[in-house]
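Structure, as structure tokens:
The values are calculated or read from the model by the stated rules, or taken from the named source; none is laboratory data. What you see is a predicted model, and the numbers here were worked out from it, not measured in a lab. Every residue, glycine as well, gets a Cβ built from its backbone with ideal geometry; the counts of neighbours run over all protein chains shown. Calculation scope for accessible area: heavy atoms of the full protein, side chains included, ligands and nucleic acids excluded. Shrake-Rupley method; radii C 1.70, N 1.55, O 1.52, S 1.80 Å.
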Amino acid sequence: MELDLASFLSIDRFVTEFKQHHKQLNLLVCNAGMAFNHYDTTYDGLESQFGTNFVGHYMLIDRLVDTMKMAGSARITIASSIAACMVRNIDYTRVTDVWRFNRLINYSTSKLALLVYSHALARKLDGSGITVNAFHPGLVITGLYRNISFLSLPGIHDLTSWMWLNQKAGSVTSVYLALSPELEGKTGGYYAREQPAAIHPDAMNVEVQDRLCKFTDILIATNTHAPNVLDSINASNSVTE
């Protein structure tokens with residue numbers, strides 16, 4: 001099944017097809033992403049890093065959570081990053097104003113949003129049988145960093161190959177959260193190297209969590225022409241100011 005997190009239409013088609021073939025879902029690993037690219041937008045007009053890394057996953061989870069409840073016991077793992085700590089908070093104007101776009105800050109903002117959302121979701125799903133945990137995979141040798149020009153300089157590849165994790169090692173924490181019996185029933189955590197890690201203070205702030213979810217619901221509604229779009233827009237002033 002094909003899935004493009006930069007397209008709401010693709011997400012809806014994927015979910016529809018998945019539900020036609022499966023009655024329940026036991027594990028959802030949210031590990032797709034893009035980083036440090038120049039300004040671009042998703043198919044639905046959202047800034048591409050925030051739209052793909054965060055909003056796409058947010059919509060996917062929302063559409064699949066009912067099938068996860070059918071499983072009785074299920075896990076959601078969400079790839080955040082230590083980059084989340086490179087921003088003080090979620091600056092929503094970075095998402096909506098092209099003139100405030102910064103490749104590094106927007107990437108970090110998307111990762112902070114994922115971290116905040118993982119805790120909001122854990123709170124929302126508490127007692128449902130679904131656990132939600134986030135993780136920092138580490139610096140892993142993948143195509144994620146292809147837009148960082150200095151990495152193509154002579155000798156840099158050999159240096160990163162020595163210092164960074166290969167893809168197998170970089171997946172260890174993700175696999176640990178997905179499958180380890182030690183984490184049965186544990187939710188609302190943030191991990192690195194298979195251990196609990198220090199977390200951005202905003203991630204635990206319920207007001208910040210609620211504001212992010214409200215903002216994201218408005219983004220999705222306004223770009224999918226959902227029936228409740230007018231109500232969402234009328235309530236948006238407190239989110240976007």
Label-point separation in nm, A198 to R88, each point 7 Å along Cα→Cβ | 1.8 nm
Stretch N37-L9 to full length: gain in nm at 0.36 nm per residue minus the Cα-Cα span?
-> 7.8 nm
How large is the charge dipole for the stretch 1-123, taken about the Cα centre, if only the Cβ atoms of Lys, Arg (+1) and Asp, Glu (-1) carry charge, to the nearest 20 debye?
-> 460 debye
Sequence of R123, R13, R100 from largest to smallest accessible area, 1.4 Å probe | R13, R123, R100
Give the cross-link partners of K186 among the lysines, using a straight C-alpha distance below 19 Å as the criterion and excluding same-chain residues fewer than 8 apart.
-> K69, K124
For the stretch 1-98, with the dipole built from +1 on Lys and Arg beta-carbon atoms and -1 on Asp and Glu ones, taken about the Cα centre, which of M86, Y58, A71 lies farthest toward the positive end?
-> A71
So who's got an amide H within less than 5 Å of the one on S81, skipping anything under 5 residues away but keeping other chains? H placed 1.01 Å off N, in plane.
-> none
Please turn the phi angles of the stretch 22-31 into ³J(HN,Hα) values with the Karplus equation 6.51 cos²θ - 1.76 cosθ + 1.60 (θ = phi - 60°), one per residue in order, whole Hz, x for glycine and proline.
-> 9, 8, 8, 9, 9, 8, 10, 9, 9, 9
The stretch 1-124 -> Rg/Rh from Cα coords, Kirkwood Rh, value 0.99
